[in-house]
Amino acid sequence: MNETANNISLESLKIGDREAFTRLVDETSSHIYRVALQILGDEQDAEDVLQETYIKAFRALPEFEGRSSVTTWLYRIAVNEALMLVRKRKPQTISIDENPSFDGEAESEGMEIVDFCCLPEGELLTSESREFLERAIQNLPANLRVVFVMRDLEGMSIQETSEALGLSDNNVKTRLLRARLRLRQELSVYFSGKMPEVSQR
Amino acid sequence: MSNHNHSPKCSQLLGSLSDYIDGDLQAELCAEIEEHVKDCDNCRIVVNTLKKTIELYEQTSNQPSELPEKVREKLFLKLNLEDYLKKG
């Protein structure tokens with residue numbers, strides 16, 4: 001998220017200055033909406049999360065201590081709201097707090113080996129493959145999806161992602177690796193159908 | 001298409017791949033991975049396609065995204081900021 005938002009006077013925000021709050025909304029809302037949309041895959045749900053995020057932020061700002069940047073804090077509110085909706089839809093969803101471990105043996109089981117890097121750029125990013133990329137994110141379990149969205153799509157650092165999710169750096173790294181490997185696997189299967197027989201390994 | 005039959009060495013390497021790709025891995029371990037993929041075609045493909053996967057997603061997310069005007073309007077109304085609507 002852009003730096004401009006973090007330069008808005010925190011004092012003004014904390015005393016409820018509506019102009020400062022409007023600037024914060026304008027600088028950050030497209031990012032918050034995009035994150036919510038990527039986590040939830042539904043425009044109406046993303047809009048609800050967007051509204052709820054700023055309502056809660058406005059109420060909580062007087063108590064905001066500034067231990068993280070205001071944008072990281074907004075992400076945190078938005079992601080919690082989005083995950084609450086995910087849990088409502090699927091109550092059995094694994095909690096974001098669960099401590100994951102990485103098992104290289106298990107992850108490498110059935111791994112697809114298709115060198116799709118050799119496909120021409122135009123083939124890799126057609127509108128059809130873009131749609132596939134979107135769908136693949138939605139197929140990830142929510143606890144992996146949220147980390148991938150923040151780190152690789154929103155470009156947040158591991159530390160910012162950890163702060164926003166209230167997880168340890170190691171936990172975030174493990175989830176990120178698992179998310180990336182699953183997406184790589186899905187893309188390998190998808191692009192293998194687009195490769196000439198002879199170049200498949 | 002074929003499946004990857006990993007040796008123990010290959011599956012150990014998997015755990016370090018994210019850090020390797022992000023440039024966060026110690027030089028020694030990087031060298032170990034680079035040495036390994038010289039002789040292991042399957043791992044080389046996994047490393048390259050993992051990099052490509054991240055790159056493709058980065059490319060799709062680099063496009064500027066604007067909040068749809070209708071969504072912005074409803075948000076501002078909800079927050080009682082309608083006086084500021086036109087300034088965005």
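Considering (1) part of a helix (DSSP H, G or I); (2) surrounded by 11 or more Cβ atoms within 10 Å (Cβ to Cβ), say which one B:E35 fails and leave the rest.
(2)
Hey, which of the helices (runs of 4 or more DSSP H) in segment A:101-157, taking only ones fully inside, have at least 2 residues that are under 20 Å from B:D19 (Cα atoms)? Quick ask: steps written out before the conclusion?
Working: elements: A:104-108, A:121-124, A:127-139, A:142-148.
Result: A:104-108, A:142-148.
A quick yes/no check of all residues on (1) in contact with a Lys or Arg (Cβ under 6 Å, 6 or more places away or on another chain); (2) free of Cβ contacts under 8 Å to residues at least 12 places away in the same chain; (3) within 11 Å of chain A (Cβ to nearest Cβ):
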| residue | (1), (2), (3) |
| --- | --- |
| B:S16 | no, no, yes |
| B:D22 | no, yes, yes |
| B:A27 | no, yes, no |
| B:E35 | no, yes, no |
| B:L50 | yes, no, yes |
| B:K70 | no, yes, yes |
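Quick test for you: out of A:F116, A:F132, pick the one residue that is of a type in the set (F, W, Y), surrounded by fewer than 18 Cβ atoms within 10 Å (Cβ to Cβ) and over 12 Å from the mean Cα position of the chain (by Cα).
From the options A:F116, A:F132, the qualifying one is A:F132.
Please go through segment A:13-36 and pick out each residue that is surrounded by fewer than 21 Cβ atoms within 10 Å (Cβ to Cβ), within 16 Å of A:R76 (Cα to Cα) and more than 9 Å from chain B (Cβ to nearest Cβ).
Correct list: empty.
Can you name the residue in segment B:52-68 that is within 24 Å of A:Q185 (Cβ to Cβ), at the interface with another protein chain (Cβ under 7 Å from one of its Cβ atoms) and without any contact (Cβ under 8 Å) to a residue 24 or more places away in the chain and is also surrounded by the fewest Cβ atoms within 10 Å (Cβ to Cβ) among such residues?
Residue satisfying both the conditions and the ranking: B:E58.
Quick grid of which residues meet (1) among the β-branched types (V, I, T); (2) surrounded by 14 or more Cβ atoms within 10 Å (Cβ to Cβ); (3) touching a Leu at 6+ places or on another chain (Cβ under 7 Å); (4) away from chain B (no Cβ under 11 Å):
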position	(1), (2), (3), (4)
A:R145	no, yes, no, yes
A:L167	no, yes, no, yes
A:A179	no, yes, yes, no
A:Q185	no, yes, no, no
A:M195	no, yes, yes, no
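Give all pairs with beta carbons closer than 9 Å in which a residue from segment A:144-170 that is outside the structural domain of A:L74 (by TED's automatic domain parsing) and at pLDDT 95 or above meets a residue that is surrounded by fewer than 17 Cβ atoms within 10 Å (Cβ to Cβ) and of a type in the set (V, I, T); count only pairs at least 6 apart in sequence or on separate chains.
Listed by first residue and then by second, the contacts come to nothing, as the list is empty.
The values are calculated or read from the model by the stated rules, or taken from the named source; none is laboratory data. Please read all numbers here as calculations on a predicted model, not as lab measurements. Methodologically, a virtual Cβ is constructed for each residue, glycine included, from the backbone with ideal geometry; neighbour enumeration extends over all protein chains shown.
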